[in-house]
Amino acid sequence: MTDNTDKLVIGGREFSSRLMVGTGKYASFEQTARALEVSGAQIITVAVRRVNLDRSKESLLDYIDPQKYTLLPNTAGCYTADDAIRTCRLAREAGMSDFVKLEVLGDEKTLFPDNEELLKAAKVLVSEGFTVLPYCSDDVILCKKLEDLGCAAVMPLGAPIGSGLGIRNPYNIKIILENVKIPVIVDAGVGCASDAAIAMELGCDGVLMNTAIAGAGDPIAMAEAMKLAVIAGRLSYKAGRIPRKLYANASSPLDGMFL
């Protein structure tokens, strides 16, 4: 049974869903809209550089109800702080949102973040009143610096973008969770429902994904699977798992039995 009081709070906004979904790579806008609906996500990312902001032509934005979803403009494809800052300003001027997912990539092959440029961009955007959710490496020192700058959350990668490798270093994620007070949202690398559940069972506040759903054989079914996995993982984390033990421990006690 889900707990309706267990809200995700980011930048003062409350959300009942802890699954965030991207809008790229789908076969059609109609499929995108259906997957979003089935996923139950309330926060959806939109790559500003890849969406047609000319509302006189068909656009992804025509299929997204702004009353139902919180848009999270994404600086995907930016490789410098200046480009990312400019992209966020464009999104705000176009009326999309000042609630932004900040990406500053280091290279085209790995798509790992450029930490130095990321910090530069985050500092400027926070000072301009943006609610900043930065995509970052699973580095606790970097996450603490982003928190100190005023970011509303940190979004460490589970694995490289689009790789589907799952959570490669759960220990780093645990260290981050123990050392920052803002929400921790795993971003990138999720491939299947169990990956999402693992992220939530670690204690993460949410999971963001795109390729895992859009690239699945049946994106609509995968969207539902991810919704359920995030819910199950959160419930499991809150319930508290049993300790790991090296040897067996009988589930049926022998004390008091008559032989």
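The values are calculated or read from the model by the stated rules, or taken from the named source; none is laboratory data. Computed from a prediction, not measured in an experiment: that's the story for all the values here. Here Cβ is always computed from backbone atoms with ideal geometry, including for glycine, and neighbour counts include all displayed protein chains. Just so you know, the surface numbers come from the protein's heavy atoms only, side chains and all, with ligands and any DNA or RNA stripped out. Shrake-Rupley method; radii C 1.70, N 1.55, O 1.52, S 1.80 Å.
Rank T211, T87 by accessible area, highest first, at a 1.4 Å probe radius?
Greatest to least solvent exposure: T211, T87.
Give a residue-ordered list of calculated ³J(HN,Hα) values for segment 197-203 (Karplus: 6.51 cos²θ - 1.76 cosθ + 1.60, θ = phi - 60°; whole Hz; x for Gly, Pro).
4, 4, 4, 6, 5, 5, x
Put +1 on the Cβ of each Lys and Arg and -1 on the Cβ of each Asp and Glu in the chain; which of F130, L102, V207 then has its Cα farthest toward the positive end of the dipole?
Final value for the positive-end residue is V207.
Compute from the Cα atoms of segment 62-161 the Rg and the Dmax, the latter being the longest Cα-Cα distance, and quote both in angstrom.
Both quantities, over Cα of segment 62-161: 13.1, 40 Å.
From the phi angles alone, apply the Karplus equation (6.51, -1.76, 1.60; θ = phi - 60°) to segment 131-138 and give each ³J(HN,Hα) in whole Hz, x where the residue is Gly or Pro.
8, 9, 10, x, 6, 9, 6, 7
Where Rh is the Kirkwood radius over the Cα pairs of segment 107-259, the temperature 20 °C and the viscosity 1.002 mPa s, what D in µm²/s does Stokes-Einstein return?
In µm²/s, the coefficient is 125.
In the structure shown, do any of K109/K227; K7/K109; K109/K238; K181/K245 have a Cα-Cα gap over 32 Å, and if so which?
K7/K109; K109/K238
In terms of the ratio Rg/(2.2 N^0.38 Å) built on C-alpha atoms, what value belongs to the chain?
That ratio works out to 1.07.
Keeping all protein chains in position, work out how much accessible area S97 exposes to a 1.4 Å probe, and write it in Å² to the nearest 10.
About 20 Å², ignoring ligands and nucleic acids.
Please state the Cα pair-distance histogram of segment 158-221 with 10 angstrom bins from zero: what percent is in each bin?
23, 54, 19, 4
Mind jotting down the three principal axis lengths of segment 187-239 based on Cα atoms? Whole angstrom, largest first.
Computed over segment 187-239, the largest-to-smallest principal extents equal 32, 19, 13 Å.
Any idea how far the Cα center of segment 91-120 sits from the one of segment 170-240, in Å?
Distance between centres, Cα-based: 21 Å.
Might you report the magnitude of the Cβ-based charge dipole of segment 86-171 about its Cα centre, with Lys and Arg at +1 and Asp and Glu at -1, to the nearest 20 debye?
Computed about the Cα centre, the dipole is about 100 debye.
Using the Kirkwood formula over every pair of different C-alpha atoms, what hydrodynamic radius in Å results for segment 1-148?
16.2
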